[in-house]
Each structure stands twice: as structure tokens, then as C-alpha cells.
Amino acid sequence: MAFNLDPVRAAFEALGGLEIPMVHIAGSKGKGTTATLLAKIIQLHGDTVGLFTSPFIDDEMEMVTVNGVMISREDFERLQDRVRAVGPDLSIFEVQTLAAYEYFKEQNCDVLVVECGVGGLTDATNVATEKAMALLTHVELEHQEVLGHRLSEIAQQKLGICIPGVPLITVPTQAPEVFEEIRKSGHE
């Protein structure tokens, strides 16, 4: 299954892009917890932090918070309508992601903490490139129909969030295949 970010990128650019530094998180386990804890730490240091996580547990508004406060249903619907106006063929996750980015701009966030949905390289969250840091939680075999059948293939997809010159932090318990892909990516 191949994902094409071109329509998402086009809608993102039509909406004016996003110039807020972000910490982008990929991995197989612990992404949401890592994102939530990091956002809280940043908030405690006095910055206005936007947090995007998925999936939600009870209510889709949980996906988008600023300093721990969920977006209102009215704002989320309004911003999703704005995104659909420039990207009518986007998936619901792509629409939600771009609506979150629009909200973070409106709220004048200082920094963003963004959790990938699935993978990284072709994940809708990856259209934003103002990255301050990339975090890679534990990588394991998952979503093989989308990401690949070998751990190295899945790691390559997850590492797609990395940008040269931007620090990558990972857990010390990664499998050797994952560390090899990190080394190949130039992020040692």
C-alpha cells in the first residue's frame, strides 16, 4: 500500500504551511505517552505547546491540545472545513492533522509535539518540516501491510521523519537492525 503525500502537501501549502518548531515522534510503542510527557515538560518551562496525538480514546478533540486544553468541537469542525476547502480528497486523518496545524498557528504556539499516525515517511504529520528534534520510540514489527515485512523496512519508514542536521533521539533498546538503519540515515 503506497501513500502519496502530494495532495496533503498541496493543501498544507495552500493553507500557508507551518513555521513553528516541532518535536516529531515516531515508533511502535510509547509515542503517545512520550508526546504527552514531553508537551507537559515544555509547558512547565513557560512555552505555549501544541500537542497532536492519535488515535483518540474517547473524543477526537483529545488529538489536539494547547497547554493541555483540548480544542473545542466548534474550532475543530471549523478548521476541518477550512482544510477540506483546499483538499477535498484528503483522508480524515490528513484533514485532522492539517486542522491541528491550523489551530496551533491560531493559538500562537511556541513549539509543537507531534505524534505520527502510522510510519513516518508518508504520514500526514510529516508535511511540516520545521523540526527541532525527532524522537524514535521502540520499533517493532507492526502495520506490515503498509510499512514492510522486515524490521529494517519498518525502521526506514519511521526514520522518514528525520531531517539532516536535526537531532534524533532514540531508546537504547532498539533491535540491531533498527540501529543499523539509524546509522545508514546519518543519525548516529
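The values are calculated or read from the model by the stated rules, or taken from the named source; none is laboratory data. It should be emphasised that the depicted structure is a prediction, and the values quoted were computed from it without experimental measurement. Cβ coordinates were reconstructed from backbone atoms using ideal geometry, including for glycine residues, and neighbour counts include every protein chain displayed. Areas reflect the complete protein model, heavy atoms only, side chains present, ligands, DNA and RNA absent. Shrake-Rupley method; radii C 1.70, N 1.55, O 1.52, S 1.80 Å.
Side notes on the structure shown:
- Selected residue [at pLDDT 95 or above, surrounded by fewer than 21 Cβ atoms within 10 Å (Cβ to Cβ) and closer than 24 Å to LYS158 by Cα] from LEU44, LEU98, LEU37: LEU37
- Restricting attention to the range 118-127, the residues being open to solvent by 20 Å² or more (accessible area, probe 1.4 Å) and of a type outside the set (S, T, N, Q) number 2.
Here is a yes/no grid of residues against (1) open to solvent by less than 20 Å² (accessible area, probe 1.4 Å); (2) touching a residue at least 24 places away in the same chain (Cβ under 8 Å); (3) touching a Phe, Trp or Tyr at 6+ places or on another chain (Cβ under 9 Å):
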{"site": "GLU115", "(1), (2), (3)": "yes, yes, yes"}
{"site": "THR129", "(1), (2), (3)": "no, yes, no"}
{"site": "MET133", "(1), (2), (3)": "no, yes, no"}
{"site": "LEU151", "(1), (2), (3)": "no, yes, no"}
{"site": "LYS158", "(1), (2), (3)": "yes, yes, no"}
{"site": "CYS162", "(1), (2), (3)": "no, yes, no"}
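- Only residues that are part of a loop (DSSP other than H, G, I, E, B) and either more than 18 Å from LYS29 (Cβ to Cβ) or open to solvent by less than 40 Å² (accessible area, probe 1.4 Å) (or both) were counted in the range 172-188, giving 6.
- Beta carbons closer than 6 Å, at least 6 apart along the sequence or on distinct chains, pair a first residue in the range 54-71 that is over 15 Å from ALA35 (Cα atoms) and touching a residue at least 12 places away in the same chain (Cβ under 8 Å) with a second that is in a loop (DSSP other than H, G, I, E, B) and open to solvent by less than 50 Å² (accessible area, probe 1.4 Å) for MET61/ILE71.
- Residue check: PHE3 meets all listed conditions (1) outside any helix (DSSP H, G or I); (2) modelled with pLDDT of 95 or more; (3) aromatic (Phe, Trp, Tyr) but one, namely (2).
- Filtered residue count, the range 135-149, keeping only those that are under 14 Å from LYS31 (Cβ atoms) and surrounded by fewer than 17 Cβ atoms within 10 Å (Cβ to Cβ): 4
- Matching residues, the range 7-51, being under 26 Å from ARG84 (Cβ atoms) and acidic (Asp, Glu): GLU13, GLU19
- Conditions (1) part of a helix (DSSP H, G or I); (2) open to solvent by 60 Å² or more (accessible area, probe 1.4 Å): number failed by PHE12: (2)
- Reported count of residues in the range 19-32, each being surrounded by fewer than 22 Cβ atoms within 10 Å (Cβ to Cβ) and either farther than 16 Å from GLY117 by Cβ or at pLDDT 95 or above (or both), is 3.
- The range 56-80 - residue that is at pLDDT below 95, closer than 13 Å to GLN96 by Cβ and in a loop (DSSP other than H, G, I, E, B) and, of those, most open to solvent (accessible area, probe 1.4 Å): PHE56
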